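Since the structure comes first, as structure tokens, the remarks are kept for the end.
A short reminder: the numbers here are calculations on the coordinates, not readings from a lab. Because the structure is predicted, anything quoted here is derived from the model rather than measured. Cβ sites come from the backbone with ideal geometry, for glycine too, and all protein chains shown count toward neighbours.
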Amino acid sequence: MSEVKQYMANPAPLGLCGFAATTWLLSLINSGFFESGNIGLVLAIGLAFGGTAQMIAGMFEYKKGNTFGFTAFISYGAFWWSFALFKIFFAQGVAAQFIAWYLLVWGTFTLMMFVATLPKNRALQAVFLALTITFYLLAIGDFMGSATITHIGGYFGLLTALCAFYLASAEILNDSYGRVILPIGE
């Protein structure tokens, strides 16, 4: 009897797309392209795609034995859930300084994750480097009460989203065609 080869789909593009789409929309607000009154749509996609889809991707990364993918997708899925829940239920009366600390904590976590990408591909490194800078700029913007720094952080968020969409596209296209269509810098 012949052996049946089991193939597990790569969950990373799902997680990356959920992360990228949500980051892109929030960054349009942070960069000043849209007013904060548009946050409701960001919260909806944050819960559904940024939060839930990333957590699903993270669980499949766990099944594959990918500690980095598991940690990243579950953590950033939890970020989107915490961000949405905060904005919906708890934002009233919270000091900008305390929100800055929240962003600083996420920036520090992301810096740790960036260091963990150094033996990995360049595209993944770009995602985590841009995200680290984004979180730190947004934190500094809140600490200083500076809309300009927050807007710059928003632009880095847009760059982060583009990097994540690129990596997701590369993983999907390279797998679909069975060869390198979009290089990721292995």
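With a Förster radius of 25 Å applied to the beta-carbon distance between S75 and F33, the computed FRET efficiency rounds to 0.40.
Scalar couplings 3J(HN,Hα) for segment 48-53, obtained by applying the Karplus form with A = 6.51, B = -1.76, C = 1.60 to θ = phi - 60°, are 7, 9, x, x, 5, 4 Hz; x denotes Gly and Pro.
Based on the mean of other beta carbon atoms within 10 Å per residue, what is the order of 97-104, 167-174, 135-142, 115-122, most packed first? Don't jump to the answer; show the numbers that get you there.
Details: 97-104: 15.4, 167-174: 19.1, 135-142: 22.5, 115-122: 13.4.
Ranked from most to least packed, the peptides come out as 135-142, 167-174, 97-104, 115-122.
Since only F109, A96, S31 are under comparison, the one whose Cα sits farthest along the positive direction of the charge dipole of segment 12-177, derived from C-beta charges on Lys, Arg, Asp and Glu, is F109.
State the extension gain, in nm to one decimal, for the chain segment bounded by Y7 and H151, taking 0.36 nm per residue of separation less the distance between their alpha-carbons.
Full extension from Y7 to H151 adds 47.5 nm.
With each label modelled as a point 7 angstrom along the Cα→C-beta vector, the T108-K87 pair spans 2.5 nm. Packing around the peptides 143-149, 125-131, taken as the average count of other Cβ atoms within 10 Å per residue, puts them in this order, highest first: 125-131, 143-149. Subtracting the Cα-Cα distance of A116 and K63 from their residue separation scaled by 0.36 nm leaves 17.1 nm.
Rounded to the nearest 20, the size of the Cβ-charge dipole of segment 12-177 about its Cα centre is 220 debye, with Lys and Arg at +1 and Asp and Glu at -1. Highest mean first, the peptides 14-20, 37-43 sorted by other C-beta atoms within 10 Å per residue fall in the order 14-20, 37-43. The long axis of helix 122-144 is offset from the longest Cα principal axis of the chain by roughly 10 degrees.
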